[in-house]
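Any read-out appearing in this document is the output of simple, stated calculations on the displayed coordinates, not a laboratory observation. Computed from a predicted model, the values in this text were never measured in an experiment. Positions of Cβ are backbone-derived with ideal geometry, glycine not excepted, and every protein chain shown enters the neighbour counts.
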Amino acid sequence: MGKCFTESNLPTGAMAVVGLTWEKALEFCSGSEVELACHNAYDLVAISGAKQAVLGMVERMKKEDLFTRVFDTGNLASHSKYMLLIYERVLRDISTVIPNPKPLTKRWISTSVKLNNNEQPTTENREVLCSGEYYANNLRNVVRFYDALKQIPDGAVTIEVSPNGILTRAILKRALPNCKMLVIASSDEDNGIQTLCDCLDSLRTLGVDVKNTESISSLVTAVSFST
């Protein structure tokens, strides 16, 4: 997917988070080129669009004394109409990796596609399968974190699989205050090894049976894997 971004001549875009409810953000951005991209929390929304339009909206919100912060997206306006420009290529490339789509399991909590309680994915509806269509549409669709996180039970252990742990810092700690949140990597660390080891140690402390750790048994950790 990264090559689709770098090799496509996409318009320069930007994204920002704003401290508004979804309804208020819709009202604020009505009639502009700025789109609502992510519903992160009850009163936290991400906006996306052409860079100058987003920056202009941010300045307008600051004048209203609203919380807002532009974040680095590499000049991409993810989850905006501009993603339609690379939809076909993303679909084609991902479909080569997932040639035989499979239904999502019942434990798959999607932030992109919402199924009814009794609805199950079928091979006829490729948008709700683990498929090229699912991921290509996810790039364009609104990310509905707020709705999805309601399905995570109180007291659950969450593990963020990402290169920087930004989701946990920016959203999960606020949305899931009674859950134990772990990350496997941190942008503040040079090699990421210690963060991964800390995550595994924390899982063991929480009573999770972490298997197949022989391949990293030589890593230096604060607590032995056999503890």
* Asked: Of (i) 1, 6, 11, 14, 15, 16, 16, 11, 6, 3, 1, 0; (ii) 1, 6, 14, 17, 17, 15, 11, 8, 5, 3, 2, 1, 0; (iii) 1, 6, 11, 12, 12, 9, 6, 5, 5, 5, 4, 4, 4, 4, 4, 3, 2, 1, 1, 0, 0, 0, which is the value of P(r) over Cα pairs in 5 Å bins from 0, in percent derived from the coordinates here?
  -> (i)
* Cα centre as origin, Lys/Arg/Asp/Glu Cβ charges: the chain dipole, Debye -> 280 debye
* Structure fact -> Row for the stretch 136-211, column shape: gyration tensor on C-alpha, a ≥ b ≥ c, rounded if a/c < 1.5 i.e. under 1.5, prolate if a/b over b/c, else oblate; value oblate
* Determine the calculated [θ] at 222 nm for the chain from helices alone, applying -39500 (n - 2.57) to every DSSP H run no shorter than 4 residues and normalising by the residue count; nearest 500 deg cm²/dmol. => -8000 deg cm²/dmol
* Structure fact -> Sorted largest first, the C-alpha extents of the stretch 9-71 along its principal axes in whole angstrom are 35, 23, 23
* To do: Pick out, from GLY13, GLY2, ALA46, the residue whose Cα sits farthest towards the positive end of the charge dipole of the stretch 1-81, with +1 on the Cβ of Lys and Arg and -1 on the Cβ of Asp and Glu.
  => GLY2
* **GluC sites (Glu not before Pro) lying in DSSP loop within the stretch 38-112, provided at most 11 other Cβ fall within 10 Å** => GLU64
* For a label point 7 Å from the Cα of LEU26 along Cα→C-beta, name the residues of the stretch 33-75 whose backbone N is under 19 Å from it. => 33-49
* Just how far, in whole angstrom, is the stretch 129-183 from the stretch 40-110 if you go by their alpha carbon centroids? -> 14 Å
